[in-house]
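S.K.: I have a structure here, written as structure tokens, and I will follow up with some questions on it.
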């Protein structure tokens, strides 16, 4: 679980025994029912990827609760929705399948869950039909799942879901930026 850089700092701060205990007691490789319930009630998560040279990128992924789903103890899936067309995250996954996901609940009962694993991007997965508005599906096989201390999460309140989150039976709402003169002539049509 820990490489030499992490061990070096654990030694400096005297936290090696604590790190080992947390790894021993909390880290797991298969999703629990509690992990599934937590992940599927959230409207967002953060996705960390890296390119073939290891240069990192982090993005926000959002949708209605349940857009990220635990399909089996060893598989999580989430859709890719229409975005800015740069495909930084999915493009990275095509050349480097290692991924980190951070799920975070804000509000009265803050909580965090980290999921590290191997991802696969599909543009024609039959399960995409279960996610209205999906233009791709990402399946993640976990290697490390572990809760993370929530103490620094501020108490924020979710006011309303995003109007841009795809919903069954509703036409997608186009963001204003797609009509800006700077890009309007190069914005491709939606695939879904």
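Every number here is computed from the coordinates shown, using simple stated rules; none is lab data. All of these numbers come straight from a predicted model, not from anything done at the bench. Quick reminder, even Gly has a Cβ in these numbers, built from the backbone with ideal geometry, and neighbours come from all protein chains shown.
S.K.: So what is the 222 nm mean residue ellipticity for the chain from helices alone, if each DSSP H run of at least 4 adds -39500 (n - 2.57) and you divide by all residues, rounding to the nearest 500 deg cm²/dmol?
M.R.: It comes out at -5500 deg cm²/dmol, rounded to the nearest 500.
S.K.: For the range 63-127, what class follows from the C-alpha gyration tensor (a ≥ b ≥ c being the square roots of its eigenvalues): rounded when a/c is under 1.5, otherwise prolate if a/b is larger than b/c, else oblate? Please report the intermediate quantities before stating the final value.
M.R.: Working: a/c = 1.60, a/b = 1.50, b/c = 1.06.
The shape class here is prolate.
S.K.: Here is a further query. Working only with C-alpha atoms, what are the Rg and Dmax values of the chain, expressed in angstrom?
M.R.: Cα-based Rg and Dmax for the chain come out at 18.3, 58 Å.
S.K.: Next question. Using alpha carbons only, how many angstrom separate the centre of the range 121-176 from the centre of the range 42-107?
M.R.: Measuring centre to centre over Cα atoms gives 8 Å.
S.K.: Right, another one. Measuring from label point to label point, each 7 Å out along Cα→Cβ, what is the residue 187 to residue 4 span in nm?
M.R.: Here the modelled spin labels are 5.0 nm apart.
S.K.: Over the range 26-179, what is the mean sequence separation of C-alpha contacts under 8 Å (at least six apart), divided by residue count, expressed as relative contact order in percent?
M.R.: Values: 312 pairs, mean separation 39.3, N = 154.
About 26 percent, as a whole number.
S.K.: Rounded, prolate or oblate: pick one for the range 6-69, where a ≥ b ≥ c are the square roots of the eigenvalues of its C-alpha gyration tensor, a/c under 1.5 means rounded, and failing that, prolate if a/b is larger than b/c, else oblate.
M.R.: Values: a/c = 2.89, a/b = 1.39, b/c = 2.08.
The shape class here is oblate.
S.K.: How would the range 88-192 be classified by its alpha-carbon gyration tensor: rounded, prolate or oblate, with rounded meaning a/c under 1.5 and the a/b versus b/c comparison settling the rest? Walk me through the numbers on the way to the answer.
M.R.: On the way: a/c = 1.91, a/b = 1.29, b/c = 1.48.
Note, shape of the range 88-192 comes out oblate.
S.K.: Would you mind telling me which residue in 30, 139, 21 has the biggest mean-square fluctuation in a Gaussian network model of the chain, where springs connect alpha carbons within a distance under 10 angstrom?
M.R.: 21
S.K.: Got the relative contact order for the range 36-78 handy, in percent, Cα pairs under 8 Å and 6 or more residues apart? Numbers along the way, then the final one.
M.R.: Details: 58 pairs, mean separation 17.2, N = 43.
Relative contact order here is 40 percent.
S.K.: Highest first, please rank the peptides 4-13, 142-151 by the mean number of other Cβ atoms sitting within 10 Å of their residues. The partial results should precede the final answer.
M.R.: Numbers: 4-13: 10.9, 142-151: 15.1.
Descending mean neighbour count gives 142-151, 4-13.
S.K.: Suppose the chain between residue 26 and residue 180 were pulled fully straight at 0.36 nm per residue; how much longer would it get relative to their current alpha carbon spacing? Can you show the working numbers first?
M.R.: Details: separation 154, 0.36 × 154 = 55.44 nm, distance 4.80 nm.
Answer, rounded to one decimal: 50.6 nm.
S.K.: With contacts defined as alpha carbon pairs under 8 Å and 6 or more residues apart, what's the relative contact order of the range 101-192 in percent? Don't jump to the answer; show the numbers that get you there.
M.R.: Details: 113 pairs, mean separation 25.4, N = 92.
Value for the range 101-192: 28 percent.
S.K.: Hey, another quick one. Rounded to the nearest 0.05, what FRET efficiency is calculated for residue 58 and residue 18 with R0 set to 45 Å and r the Cβ-Cβ distance?
M.R.: Working: r = 26 Å, r/R0 = 0.58.
In this case the efficiency is close to 0.95.
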